[in-house]
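Asker: Below is a structure I'd like to ask you about.
The values are calculated or read from the model by the stated rules, or taken from the named source; none is laboratory data. Only a predicted model underlies this, so the values are computations on that prediction, with no experimental measurement involved. Backbone-built Cβ (ideal geometry, glycine too); neighbour counts: all protein chains shown. Note: areas computed on protein heavy atoms with side chains; ligands, DNA, RNA excluded. Shrake-Rupley method; radii C 1.70, N 1.55, O 1.52, S 1.80 Å.
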There are 4 protein chains.
Amino acid sequence: VLFTESRLSLAVRPNDFDSLGHVNNAVAAEYLEAGRWDWLARQGLAGGRQVIAVVSRCEIDYLSEISSPSVEVHTVLDSPTESEFDEDALTYRARFRQRIHVPDRPSPAVDALITVGFLNAEQRSLVSLQDYLAAAVPR
Amino acid sequence: VLFTESRLSLAVRPNDFDSLGHVNNAVAAEYLEAGRWDWLARQGLAGGRQVIAVVSRCEIDYLSEISSPSVEVHTVLDSPTESEFDEDALTYRARFRQRIHVPDRPSPAVDALITVGFLNAEQRSLVSLQDYLAAAVPR
Amino acid sequence: VLFTESRLSLAVRPNDFDSLGHVNNAVAAEYLEAGRWDWLARQGLAGGRQVIAVVSRCEIDYLSEISSPSVEVHTVLDSPTESEFDEDALTYRARFRQRIHVPDRPSPAVDALITVGFLNAEQRSLVSLQDYLAAAVPR
Amino acid sequence: VLFTESRLSLAVRPNDFDSLGHVNNAVAAEYLEAGRWDWLARQGLAGGRQVIAVVSRCEIDYLSEISSPSVEVHTVLDSPTESEFDEDALTYRARFRQRIHVPDRPSPAVDALITVGFLNAEQRSLVSLQDYLAAAVPR
């Protein structure tokens, strides 16, 4: 199956912390991107160079501070769903649901919805998720 | 008046670019934070150490790629409005409307709504915008 | 014993790459800092808040490009040596030898000598390594 | 003349600060890279895509903390000197002397020597400074 959840453990680096002593909100967006790359890798794919995925929208809720030495990023494809994806219609957007967890806490510290679009890298024109997957290289 | 728009010009640094050759989406969140600090400075204030502002939610639309050598970050306070702020009721959230512009383009490359809350730094408890402004130090 | 080598495995994040498609030289300095924190943790210590370690000099040789999904940072205390440290004389500098390795390559990609000094955080005055260790908190 | 000093003013961004409340040592390396790009621009050039400059060694002395809202990066070509460069012999290394200044202080906060080499981007083989300049595109 294509749509397996990814759970990526990441070390928090000293300069992820800002002057308030917690992980900066912009750094959380870096963790989320690492999670999406890991999700792709778990589907057996790596991003190609001809067709690229770019973030078109993010909605991120910061629910609690992160000051732990590591985090775990959970990533699932939220849309299209597996049934939607089976249809013939091309899909021009994919949306990921991502959560950042810290050790020993059941509820996530960050809850995010990240929408990506797909571009032909040379022509800078929009293409479909199907084009993206076709151009992705097996790992 | 408290609520003046800030327009901050920022140099784009070489390592703001990612392997796709444009400014990474997480870096745009850094630009937005610089814009909010500048907004505060333009109100004649700097963040204090007792009461701190933390991002509780961001919604960011990435409308076009950024590959220019500089950007301009526009920041206004979206909520509370000036009339809302005059009321006696305490305000526990502030929301900023921020746009990132690149040179010679009328429409923004990034359009964002950033909600911040306020914390007593020692007690880690929620306080109001009014508490935050009272604790902020004049620049 | 105080002076154990640390070997820290770190995930390379997507935005560690710059527009040339390899890990940016400034990001390697972040990896090194993560390595030094891990070294400290392996000695059973965490940095305190009263006495802090600050980098006073770095010499970094970039021997080969990093484009792997992970790296391993090796950190040893180069100076003072264990015998020097046993003496009564206070030590005002510590120097770490650090190497960044990529998977499946015997020789390091980065070879670095990092010198740190110690500061009393409040007074901003130089103190000794002995003061630093005394103020460090057990993990 | 080719070898003009660059003086680049850069805004310090909120997340340049680390948990100690000063600009992190790795971030100073980002400032230096921005300075070298500006130096190149002042010579009327921009980096090309066929021949790229990569940092092979850095020596950075951190002389005082940076906590100002802006810095100025001074960059000169230290080697080859102008007379050396006139010779017929090809040059495989260029070394920059760079200093980071903070407002209202005569002495620099950071003093650095950065050595760069030149690579043919496709073949990943060493080429000369002369090759690099020939491949650089006029701005």
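Asker: Cβ-Cβ distance below 7 Å, separation of 6 or more or different chains: which pairs start in region C:128-139 with a residue that is within 12 Å of C:P80 (Cβ to Cβ) and end on one that is open to solvent by less than 70 Å² (accessible area, probe 1.4 Å) and of a type in the set (G, A, S)?
Answerer: C:L129/C:A94
Asker: Moving on to the next point. Just for region B:1-27: of the residues that are within 12 Å of chain A (Cβ to nearest Cβ) and within 21 Å of D:L8 (Cα to Cα), which one is nearest to the chain's Cα centre (by Cα)? Explain how you work it out, then say what you get.
Answerer: Keep residues of region B:1-27 that are within 12 Å of chain A (Cβ to nearest Cβ), which gives B:16, B:18-27.
Next cut, within 21 Å of D:L8 (Cα to Cα) only: B:16, B:23, B:27.
Details: B:D16: 18, B:V23: 18, B:V27: 14 Å.
Among those that are within 12 Å of chain A (Cβ to nearest Cβ) and within 21 Å of D:L8 (Cα to Cα), it is B:V27.
Asker: May I ask you to verify whether B:S56 is in a strand (DSSP E or B) and of a type in the set (G, A, S)?
Answerer: yes
Asker: Still on this structure, please answer the following. Looking only at region B:23-54, how many residues end up being at pLDDT below 90 and within 30 Å of D:R36 (Cβ to Cβ)?
Answerer: 1
Asker: Still on this structure, please answer the following. Spot the failing condition for A:L113; the list is (1) under 24 Å from B:E65 (Cα atoms); (2) within 12 Å of the chain's Cα centre (by Cα); (3) touching a residue at least 60 places away in the same chain (Cβ under 8 Å), and only one is missed.
Answerer: Of everything listed in (1) under 24 Å from B:E65 (Cα atoms); (2) within 12 Å of the chain's Cα centre (by Cα); (3) touching a residue at least 60 places away in the same chain (Cβ under 8 Å), A:L113 misses just condition (3).
Asker: Could you list all residues from region C:116-139 that are open to solvent by less than 50 Å² (accessible area, probe 1.4 Å) and closer than 30 Å to C:P69 by Cβ?
Answerer: C:V116
Asker: While we're looking at this one, here's another question. Among (1) more than 10 Å from every other protein chain (Cβ to nearest Cβ); (2) over 18 Å from the mean Cα position of the chain (by Cα); (3) touching a residue at least 12 places away in the same chain (Cβ under 8 Å), there is one condition B:P106 misses while meeting the rest; what is its number?
Answerer: Status for B:P106: all satisfied but (3).
Asker: Would you check which residues across region A:83-113 are of a type in the set (V, I, T) and under 21 Å from A:G44 (Cβ atoms) and list them?
Answerer: Within region A:83-113, just A:T91 meets the criteria.
Asker: Any idea which of (1) of a type in the set (V, I, T); (2) within 14 Å of the chain's Cα centre (by Cα); (3) more than 9 Å from every other protein chain (Cβ to nearest Cβ) is the one A:V55 doesn't satisfy?
Answerer: (3)
Asker: Can I ask one more? Here is a check on your reading of the model: is B:R105 charged (D, E, K, R), under 28 Å from A:L63 (Cα atoms) and either part of a strand (DSSP E or B) or open to solvent by 30 Å² or more (accessible area, probe 1.4 Å) (or both)?
Answerer: no
Asker: Among (1) in contact (Cβ under 8 Å) with a residue 60 or more places away in the chain; (2) open to solvent by 20 Å² or more (accessible area, probe 1.4 Å); (3) more than 9 Å from chain A (Cβ to nearest Cβ), there is one condition B:R95 misses while meeting the rest; what is its number?
Answerer: (1)
Asker: Just to verify a result, which residue in region D:58-91, among those that are among the aliphatic types (A, V, I, L, M) and within 14 Å of chain C (Cβ to nearest Cβ), is nearest to D:A136 (Cα to Cα)?
Answerer: Filtering first and then ranking leaves D:V73.
Asker: Still on this model: Can you confirm whether A:E33 is over 17 Å from the mean Cα position of the chain (by Cα) and under 30 Å from B:R124 (Cβ atoms)?
Answerer: Judged against the criteria, A:E33 is not a match.
Asker: For C:I100, only one of the following conditions fails: (1) within 14 Å of chain D (Cβ to nearest Cβ); (2) open to solvent by less than 40 Å² (accessible area, probe 1.4 Å); (3) at pLDDT below 95. What is its number?
Answerer: Unmet for C:I100, out of (1) within 14 Å of chain D (Cβ to nearest Cβ); (2) open to solvent by less than 40 Å² (accessible area, probe 1.4 Å); (3) at pLDDT below 95: (3).
Asker: For the condition part of a strand (DSSP E or B) and modelled with pLDDT under 90, what is the one hit in A:L113, A:L133, A:L126, A:L90?
Answerer: Values: A:L113 fails: modelled with pLDDT under 90; A:L133 fails: part of a strand (DSSP E or B); A:L90 fails: part of a strand (DSSP E or B).
So the residue among A:L113, A:L133, A:L126, A:L90 that is part of a strand (DSSP E or B) and modelled with pLDDT under 90 is A:L126.
Asker: Give me a count of the residues in region A:63-87 that are of a type outside the set (A, V, I, L, M) and part of a loop (DSSP other than H, G, I, E, B).
Answerer: Counting residues in region A:63-87 that are of a type outside the set (A, V, I, L, M) and part of a loop (DSSP other than H, G, I, E, B) gives 8.
Asker: Just to check your reading of the model, which residue among A:E82, A:E72, A:E59 is touching a Cys at 6+ places or on another chain (Cβ under 8 Å), open to solvent by 40 Å² or more (accessible area, probe 1.4 Å) and in contact (Cβ under 8 Å) with a residue 24 or more places away in the chain?
Answerer: A:E59
Asker: Now for a different question. Looking at (1) touching a Ser or Thr at 6+ places or on another chain (Cβ under 6 Å); (2) more than 28 Å from D:R95 (Cα to Cα), which is the only condition C:R57 fails?
Answerer: All conditions are met except number (2).
Asker: Among the residues of region B:30-47, are any part of a loop (DSSP other than H, G, I, E, B) and either crowded, with 23+ Cβ neighbours inside 10 Å or within 12 Å of chain A (Cβ to nearest Cβ) (or both)?
Answerer: Among the residues of region B:30-47, at least one is part of a loop (DSSP other than H, G, I, E, B) and either crowded, with 23+ Cβ neighbours inside 10 Å or within 12 Å of chain A (Cβ to nearest Cβ) (or both), which makes the answer yes.
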